[in-house]
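Just below is one structure, and these are the notes that go with it.
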Amino acid sequence: MTQALRVIFAGTPDFAATNLAALLDSQHRVVAVYTQPDRPAGRGRKLTPSPVKALALSHDLPVFQPASLKDGDAQAELAAIDADIMVVVAYGLLLPQAVLDTPALGCLNVHASLLPRWRGAAPIQRAIEAGDSESGVTIMQMDAGLDTGAMLLERRTPITATTTGGELHDTLAELGGEAIVTALDALASEGLTARSQPEAGVTYAAKLSKAEAELDFSQPAARLADKVRAFNPWPVAWCTLGEERLRLWLAIPGEVRHDDPRQVAPGTLLQHDEDALRIACGPHGDEVLCVTQAQLPGGKALPMRELLKARGERFTAGTRLSHQETTR
């Protein structure tokens, strides 16, 4: 039987909470949890604990929420916990070298990509947006760089033509939990071989923004469909229909039909199917994006079949969808 390690866990969102839950079910002992300070949330802007904090408190774990770990007092407080290792998952704060050097076994990161591809803030969505055929999680020995540390272990999963950002998030969160427990088990017994990240293939996953979720229908149908899936459930792809914002939740590349008009402007609505909105796209408007789930202002996301039955007059063939922000 391997030795149980004393673990400090640092993380904030749901993805991290899934990993914390896996550690709590393992033989290893989580002795302290670090997470970001409570943030305002909801209509009342009430201070709300992170998912990691909520889970930690439900297990009576001590929780620390420093605004920064650069402060000497915060570093001394962490050192006093006397942990064997620190596990960091989407924490949101930089770890200075003094913190990286504190635990005897250093600090491990669960990163949601196959490094060195997609270092940075939004690896899950960027992998889908780029049309990657697979993703995964990498257990990395942290250093002072941005996701540049040596790799200890990885787990892979395919990205299919229907995988959304939310679905890949959940899959990788589960894989990450399994992988970090496996890594800690190995470190507590026979050890793990660290591999330096190759210099070739490095890409950076920039943070997501609502503005970039606006669709430009002059792009190819396959690229638009990838973007729609990547940004589901946040920030959600969108365009404008008249003076309103239409949010697109699911879409696939479609087939050009013999009765489709030729030489239409990208963004023009074509004759829709019973269950899909068909939009001319591509540089010359000669490709088709089929939207199968969408949302109008004030309503909820609906299968396109239901939205067309209820509001079909809004989606008349020949209407032009804009990729220019309207004033609201």
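Every residue, every condition in (1) farther than 23 Å from residue 223 by Cα; (2) in the same structural domain as residue 238 (by TED's automatic domain parsing); (3) without any contact (Cβ under 8 Å) to a residue 24 or more places away in the chain, yes or no:
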position: 263; (1), (2), (3): no, yes, yes
position: 266; (1), (2), (3): no, yes, no
position: 279; (1), (2), (3): no, yes, no
position: 290; (1), (2), (3): no, yes, no
position: 295; (1), (2), (3): no, yes, no
position: 305; (1), (2), (3): yes, yes, no
position: 309; (1), (2), (3): yes, yes, yes
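Considering only the stretch 210-247, state which residues are at pLDDT below 95, of a type in the set (Gly, Ala, Ser) and closer than 30 Å to residue 138 by Cα. The one that is at pLDDT below 95, of a type in the set (Gly, Ala, Ser) and closer than 30 Å to residue 138 by Cα: 211.
Scanning the stretch 1-38 for residues that are within 10 Å of residue 90 (Cβ to Cβ) and aliphatic (A, V, I, L, M) turns up 10, 16, 17.
Put simply, of 215, 187, 115, 108 the only residue that is outside the structural domain of residue 21 (by TED's automatic domain parsing) and in contact (Cβ under 8 Å) with a residue 60 or more places away in the chain is 215. Counting only strands (runs of 3 or more DSSP E) that sit wholly inside the stretch 56-169, those with at least 3 residues that are under 24 Å from residue 184 (Cα atoms) and out of contact with any Cys (no Cβ under 8 Å at 6 or more places or on another chain) are 107-111, 134-141, 151-158. For the stretch 276-299, which residues satisfy the criterion of being touching a strand residue (DSSP E or B) at 6+ places or on another chain (Cβ under 8 Å), farther than 20 Å from residue 236 by Cα and surrounded by fewer than 20 Cβ atoms within 10 Å (Cβ to Cβ)? Correct list: 286 only.
Given the condition in contact with an Asp or Glu (Cβ under 9 Å, 6 or more places away or on another chain), assigned to a loop (DSSP other than H, G, I, E, B), surrounded by 23 or more Cβ atoms within 10 Å (Cβ to Cβ) and at pLDDT 95 or above, answer yes or no: does some residue in the stretch 187-205 qualify? Within the stretch 187-205 (the criterion being in contact with an Asp or Glu (Cβ under 9 Å, 6 or more places away or on another chain), assigned to a loop (DSSP other than H, G, I, E, B), surrounded by 23 or more Cβ atoms within 10 Å (Cβ to Cβ) and at pLDDT 95 or above), the answer is no, since none of the residues qualifies.
The values are calculated or read from the model by the stated rules, or taken from the named source; none is laboratory data. If you're wondering where the values come from, they're calculated on a predicted model, not measured in any experiment. Every residue, glycine among them, receives a Cβ derived from its backbone with ideal geometry; neighbour counts consider all protein chains shown.
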